[in-house]
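What follows is a short report on a single structure.
Taken together, the values in this text are just the output of simple stated rules run on the coordinates, not laboratory data. These numbers were taken from a predicted model, which means no experiment stands behind them. Every residue, glycine as well, gets a Cβ built from its backbone with ideal geometry; the counts of neighbours run over all protein chains shown.
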Amino acid sequence: MNELPELLVEHRVTLLRFVERYGGSVQRFETADDLVQGVHLRALEYKHTFEFRGRAEFWAWLKQVARSHIKERREHWSALKRRPARLFRLTQAATSDPGARLEPPITATGPSTFAARREQLTLAVQAMGMLMPRDRDLVQWTTAGLDDAEIGAKLGLEARAAARARQRAVERFRKAHRLLNRHR
């Protein structure tokens with residue numbers, strides 16, 4: 001009998017506290033509950049090889065899984081922030097939505113300007129997190145400067161089909177960003 005699912009439920013509150021304490025900057029983009037859910041998914045990947053050896057050993061193992069998951073999510077969000085200007089530019093591009101408004105470019109510098117840009121970048125990264133994995137990849141490849149032929153090769157599509165997929169993904173990203181911007 002495999003006890004892993006029951007143990008995860010039993011230790012959920014303790015794991016949530018652990019994640020809240022050690023989640024750090026990742027919690028700017030994902031809630032502690034989302035991180036716990038990711039830890040549970042990762043732990044369940046090992047369900048068939050899991051062997052219970054005691055509560056203390058299980059908790060030590062679960063903390064290690066949590067640290068690994070938090071590290072992976074931190075790397076994910078950091079990778080998105082490496083190209084902030086391109087990602088931010090995607091949020092400001094023209095759209096077919098008549099209700100969308102474009103902010104004038106900020107030419108001033110200073111603490112408030114940097115804070116506003118940092119807030120917009122945070123919203124852009126959160127919008128990326130709302131996308132399905134394929135759309136997220138398409139937006140990331142767009143910000144990395146890949147052309148339609150390169151994206152098509154990655155997806156096994158012709159360049160025209162890749163261009164359409166990329167355009168749809170970017171539009172979904174913009175919509176997610178606008179939604180987050182309205183509710184801040």
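Overview of values
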item: Distance (nanometres) between label positions extended 7 Å along Cα→Cβ at Glu72 and Glu119; result: 3.4
item: Packing rank of 33-43, 9-19, 54-64, where each peptide gets the mean count of other beta carbons within 10 Å, highest leading; result: 33-43, 9-19, 54-64
item: Projected area, mean over directions - segment 4-81, Cα convex hull, nm²; result: 4.9
item: Per-residue Cβ neighbour rank within 10 angstrom, fewest leading, Thr142, Thr122; result: Thr122, Thr142
item: Fully extended contour minus Cα-Cα distance, from Lys154 to Lys175, at 0.36 nm per residue; result: 5.1 nm
item: Förster radius 30 Å - calculated FRET efficiency between Tyr22 and Lys47, Cβ distance, rounded to 0.05; result: 0.80
item: Listed pairs Lys71/Lys154; Lys63/Lys154; Lys154/Lys175 exceeding 32 Å between Cα atoms; result: Lys63/Lys154
